[in-house]
Structures are given as C-alpha cells and as structure tokens.
1. Looking for whichever is under 18 Å from L118 (Cβ atoms), touching a strand residue (DSSP E or B) at 6+ places or on another chain (Cβ under 9 Å) and modelled with pLDDT of 95 or more here; the options are F239, F261. Which one fits?
2. Would you check if there is a residue in the stretch 277-291 being assigned to a helix (DSSP H, G or I) and surrounded by fewer than 17 Cβ atoms within 10 Å (Cβ to Cβ)?
3. Based on this model, can you work out whether A310 counts as under 26 Å from Q67 (Cα atoms) and outside any loop (DSSP other than H, G, I, E, B)?
4. Give the residue, chosen from D236, D302, that is out of contact with any Cys (no Cβ under 8 Å at 6 or more places or on another chain), without any contact (Cβ under 8 Å) to a residue 60 or more places away in the chain and assigned to a helix (DSSP H, G or I).
5. If we scan the stretch 288-300, do we find a residue that is outside the structural domain of L54 (by TED's automatic domain parsing) and in contact with a Ser or Thr (Cβ under 7 Å, 6 or more places away or on another chain)?
6. Can you report the number of residues in the stretch 229-254 which are of a type in the set (G, A, S) and more than 20 Å from L315 (Cα to Cα)?
7. Filter the stretch 217-228 for residues that are in a strand (DSSP E or B) and surrounded by 22 or more Cβ atoms within 10 Å (Cβ to Cβ); which is farthest from the chain's Cα centre (by Cα)?
Amino acid sequence: MNRRSILLGAGAVLTLPLAARAEDANITGAGASFPNPVYQKWAEAARPAIGVHLNYQSVGSGAGINQIKNRTVDFGATDAPLNADQLTEAKLLQFPTVMGSVVPIINVPGIANEQLKLTGEVLAEIFMGKITRWNDAKIVALNAGVSLPSLAIAPVYRADGSGTTFVFTSYLSAVSADWRGGPGAATSVRWPVGNGARGNEGVAGGVRNTRGGIGYVENAYASRNNLVTTQLKNKDGNFVKPTMENFLAAASNADWSVPGFAANIIDQAGATSWPIVSPTFILLPTDPQDAARSANVRKFFDWAYKNGDALARELEYIPLPEATKTAIRAAWTRQYGA
C-alpha cells in the first residue's frame, strides 16, 4: 500500500509491517485524524528504537475523547482541547504533540493549486449556503483575471465528531459574526449545506471526487495527496499561501502557559501568518489502570519530542518549542513521578 492510499483510507488503523516482537511494549491510542500521518511515521521509527509498538486508530477527536474516558485505550487524541474542569472530571492530563494547519481544498476545473483567493467571510458564506456558485460576484471580486466557471459549489464537511472541524469552525467564528451566531465552533455542528464524510481522509476523498467540491483538511492530507488548496486573507489583510513559513509565523504567537497547554493560534496577527493553525493534544489518564502502559505512552512521546521533529516537518507539521517540551515533561513528573 502506498502513502497516498494510507492517508486517504477512512478510519485507518495504524499497523506496522514487522511482526510483533515478544519484547515489544504495546500501547493503544485513538482519536484525531488531524495528526494521524505524523503518528504513523513516529510509530514506524520509534518501534525499533525503543521497543514500543503503537496501534493508533484514526477515528476522530470525539470518538477519541469518549474512548479514553471509558478507558478502552491507553490514550486519547484530540484537536479540540478540554478545559480544566473537563480534565479534572475525567481524571485526564492533557499535553500537545505538534502543531498543524487546516487548509481549504477545492475541485474547480481550470483552477490551479494556490491560485484561488478566499476570505474567511466568503468561506463562511459558502458553508452557510449563501454563496452557491463558483462565479459568484464575491469570489470573482477577489480573483481578478481568474476565469471562474458557473459551477455549483459542493461543500464537504466532517460527519464525525472532529477536532479538525473544531479548528475550522473556530476560525469561521473568529472572522464571521453570522457563523459565530449560527453554527458556531464545536467538534460537531449543524451544517446548513453540503455532504458529510468521515475523517480528514473522507473529506479529502470527497472533494477530490466531486466537481465543484470544497472542504477542509489538515495540511498533510492536502500536500501528500496533491490536492488543490487556496490562498486565504489573514488578520493583517494579506493573502497568504499555505506554506511552512506562514504556518511558523502564526505558531510563533502561541501562549503555552494556559491550563492544559491549550494554546489558541487561530487568526493570529502577522504579515505572513496563515490564519488556521492549531496544536493537537494527547489525553492521558491521571489514574492509569496499567501504570506500565501509561509509562510507555510517555516514553513514546518523549522519544518523539527528542527524535521526531524532522519527520514532523517532512509532513509539514510544526514541532513544539523546546521550552514547551520541557514544561510537558515537568507536568508528567508532577503527576506520575520520575
């Protein structure tokens, strides 16, 4: 199976080609599809290095939260951070792993990658059903000299409880009063128009297979599968492309001192900042049923913090600052001991 089929396989379960070794320590996780590509790469590299075998199920943030609350996996993964009260009630410790970016993807005949310009307000009107054709006057006004077809717009959204949806709708809520007062920001919202698909994989496939389609995915799914993305107007009023340089510009504003390390990097100021950047998080029980498995989860992510930055960058994720990694390790020590 090639990388493309792996990334677009709905509900992918991470499996590794080597047979399990008797001395391997097995850990299980479930949740966000947003970081699934990088967790796969980390797992492939970490297993021979530290003998920890990860089975990660890309089932969406909502399902990941439910599974860790029910203690059916060793850790949950979510792009929508829990607040301090939720963490206390569920007896969970939350920490970030990497940052990623959400990008609009489109399937419009004749439109090249990163050619089309959109604003957050126009995106909100598209997903609210107020703009219904690609040659709408508001889109044409943003794209002088671009030939836009009289083609119906076909929005595709996440049908499952999704941290990627939380990130995308948080952005729409930040830039559009109508969206903020309507569907709002959540892992699952009542979409006014469009068709649902499961996982980043499903949305990517749905847009790729639909003339006139538009959706939103974590950037790794767009870049690794050659999907057509757009420019976006940022908070400083500049149209920016979804590039690592622009992701890093936004990420540099992250404030990690908030409870649960839940930094908000949506719609950050900066001449080149990409407006939809967010961390992704791990949820680990503070009362683990199996202390050894919990320790191996921490061992795995500690290895990733030390050795996984290059792999993350290859997939266009943004590594955490070293100071943040140090703070996370300190939180582990306070909770679980040395």
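The values are calculated or read from the model by the stated rules, or taken from the named source; none is laboratory data. Just so we're clear, the structure is a prediction, and the values are computed from it rather than from any experiment. As a convention, Cβ positions derive from the backbone with ideal geometry for all residues, glycine included, and neighbour counts pool all protein chains shown.
1. After ruling out the rest, the residue left standing is F239.
2. Our first condition is that a residue be assigned to a helix (DSSP H, G or I); within the stretch 277-291, this holds for 291.
Then drop every residue that is not surrounded by fewer than 17 Cβ atoms within 10 Å (Cβ to Cβ), which leaves 291.
Within the stretch 277-291, one or more residues are assigned to a helix (DSSP H, G or I) and surrounded by fewer than 17 Cβ atoms within 10 Å (Cβ to Cβ).
3. Details: under 26 Å from Q67 (Cα atoms): no; outside any loop (DSSP other than H, G, I, E, B): yes.
So A310 does not fit the description; no.
4. On the way: D236 fails: assigned to a helix (DSSP H, G or I).
Selected residue: D302, the only one of D236, D302 that is out of contact with any Cys (no Cβ under 8 Å at 6 or more places or on another chain), without any contact (Cβ under 8 Å) to a residue 60 or more places away in the chain and assigned to a helix (DSSP H, G or I).
5. Of the residues in the stretch 288-300, the ones outside the structural domain of L54 (by TED's automatic domain parsing) are none.
No: the stretch 288-300 contains no residue that is outside the structural domain of L54 (by TED's automatic domain parsing) and in contact with a Ser or Thr (Cβ under 7 Å, 6 or more places away or on another chain).
6. Total satisfying the criteria: 2.
7. Filtering the stretch 217-228 for residues in a strand (DSSP E or B) gives 217-218, 228.
With surrounded by 22 or more Cβ atoms within 10 Å (Cβ to Cβ) added as a condition, the list becomes 217-218.
Values: V217: 7, E218: 5 Å.
Among those residues, the one meeting the criterion is V217.
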